[in-house]
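The values are calculated or read from the model by the stated rules, or taken from the named source; none is laboratory data. Given the structure is predicted, the values throughout are model-derived calculations rather than measurements. All Cβ positions, glycine included, derive from the backbone under ideal geometry; neighbour counts span all protein chains shown. For accessibility, only protein heavy atoms count, side chains too; no ligands or nucleic acids. Shrake-Rupley method; radii C 1.70, N 1.55, O 1.52, S 1.80 Å.
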Amino acid sequence: MAMTAERPFTAASFTQFLNEKKLMGSHCIHCDKDFLPPRAICSQCYSDQLEWVEFSGKAKLAAFTSIYIAPTAMIAAGFGRENPYLAGVVELEEGVKISAQILGLDAKKPDQVKIGTPLKVEFVERGEGETKQTALAFRVE
Ligand SMILES: [Zn+2]
């Protein structure tokens, strides 16, 4: 896809893809390493020969924490002291890790949340109009 290939490997492009409901990272053509979010230069072999790659969105929970003191955007989404949410690090089946909100588990009962729980990507739309943004999340399958 020409349009995909033309996008720079930046956070802005990553967000743009999220808006299109695609989980896109970069792949080093030289040494095969994947990066999510995308990098323009490979951290392993320093090659700048990278290409866009779409990730399956299948993942496992690698680490998590319950957030009671929410940042502004999450307070606007209804989270906070009375309604905590789970922030986690997931490991995708392709082997890369990324942090995201975790859905479908009880943030008030972190002792019941298990590392290794299978998850699937979910694109969460927040805000309206100009401030509308798509956030990356993963939900229990
Ligand atoms: Zn490389």
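The table below gives the values:
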| read-out | value |
| --- | --- |
| Hits in region 49-77 - residues which are out of contact with any strand residue (DSSP E or B) (no Cβ under 9 Å at 6 or more places or on another chain) and modelled with pLDDT under 95 | PRO71, THR72, ILE75 |
| Residue, farthest from the ligand (Cβ to nearest atom), within region 8-48, restricted to residues that are in contact with a strand residue (DSSP E or B) (Cβ under 7 Å, 6 or more places away or on another chain) and of a type in the set (Lys, Arg) | LYS21 |
| Strands (runs of 3 or more DSSP E) contained entirely in region 14-120, each with at least 3 residues that are open to solvent by 60 Å² or more (accessible area, probe 1.4 Å) | 58-67 |
| Of the criteria (1) more than 16 Å from the ligand (Cβ to nearest atom); (2) without any contact (Cβ under 8 Å) to a residue 40 or more places away in the chain; (3) surrounded by fewer than 17 Cβ atoms within 10 Å (Cβ to Cβ), which one GLY127 fails | (2) |
| Filtered residue count, region 37-58, keeping only those that are under 7 Å from MET24 (Cα atoms) and touching a helix residue (DSSP H, G or I) at 6+ places or on another chain (Cβ under 9 Å) | 2 |
| Identity of the residue in region 10-52, of a type in the set (A, V, I, L, M, F, W, C) and touching a residue at least 40 places away in the same chain (Cβ under 8 Å), that ends up farthest from GLY116 (Cα to Cα) | LEU50 |
